[in-house]
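Report on one structure; see the data block that follows.
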Amino acid sequence: MKALPFGPLLPVCRIGQGTWRLDDDARPGALAALRAGLDAGMTHVDTAEMYGEAEPLVAEAVAGRRDQIFLVSKVLPSNASKAGTLAACERSLKRLKTDRLDCYLLHWRGSAPLAETIEAFERLVSDGKILSWGVSNFDVRDLDEALAIAGAGRIACNQVLYHLEERAIEHAVIPWCERNGVAVVGYSPFGSGDFPSPSSPSGKALAAVAADVDASPRAVALAFLARRPSVFPIPKAGSAAHALDNATAGDLVLSEAQIVALDAAFPRGPKPRHLPMI
């Protein structure tokens, strides 16, 4: 599994593992999926306090190999005051059975002053509770504000919605992040249950590329999203087989012609007025 620079941090695996709604799946299968993904090199594991039982599930999956894992969690906006962020982090650490997070994110903008959240993040860094911090669902205006508060080199990543049929972040968010050394983490890279139908024109184009490279359409989708070294997709898998298929995208490199074909099949469309999120 290829590793790439993650913002100002050490290299992180190209394809990670998301856990949103992972507890919707049967626990044994979800646990097997996470462990299979780790064995295959997908050691970037993303979770959040909002994700129900996902944090305890992740704790069980990474037990005995915590030092190999790039572990990420998120604070809810309703908890994102300075004191609330510090307390939320402690709760996540307890549920994850670890003494630190590799990265801690603000899940989305809320009513808490951003300066308070960032102050708490920096306190957690100085205390060794987190090694870095980032944001999620931030558009360029939000990113500008965070950068003005924190200064250069402090924002590790911005986690945003990104899949073949939702490419809005390519207009301004990805370029901003690349200019400022901020990694882009793409959540719901399969469209959250709305993956292109194999019978649709776009699905047929995707299947044609998949046949050319001897990979699954989902692996090709991940490779397309990760074609820029700044982007790290984090697919969820409910089974070990699905996780192993996701992992094949880590070393899959598409040709320029294949990228052009997929770009035509899944056009990014006009820049939206608001950043899409789910």
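Observations
- Selection status of residue 39, surrounded by fewer than 17 Cβ atoms within 10 Å (Cβ to Cβ) and either in contact with a strand residue (DSSP E or B) (Cβ under 9 Å, 6 or more places away or on another chain) or at pLDDT 95 or above (or both): yes
- So residue 253, is it more than 21 Å from residue 48 (Cβ to Cβ), of a type in the set (Val, Ile, Thr) and out of contact with any Lys or Arg (no Cβ under 9 Å at 6 or more places or on another chain): no
- Among the residues of the stretch 108-154, those that are buried (at least 16 other Cβ atoms within 10 Å of the Cβ), part of a loop (DSSP other than H, G, I, E, B) and aliphatic (A, V, I, L, M) comprise 112, 131.
- If you check 86, 71, 105 for being part of a strand (DSSP E or B) and over 24 Å from residue 36 (Cα atoms), only one passes: 105.
- Close pairs from the stretch 162-186: first at positive phi, partner buried (at least 21 other Cβ atoms within 10 Å of the Cβ), Cβ under 8 Å, at least 6 apart: 181/7
- Filtered residue count, the stretch 242-270, keeping only those that are outside any loop (DSSP other than H, G, I, E, B) and over 11 Å from residue 37 (Cβ atoms): 13
- Subset of the stretch 253-278 (residues that are under 18 Å from residue 196 (Cα atoms), of a type in the set (Gly, Ala, Ser) and surrounded by 11 or more Cβ atoms within 10 Å (Cβ to Cβ)): 261, 265, 269
The values are calculated or read from the model by the stated rules, or taken from the named source; none is laboratory data. These numbers come from a predicted model, not from an experiment. Cβ atoms come from the backbone with ideal geometry, glycine included; neighbour counts cover every protein chain shown.
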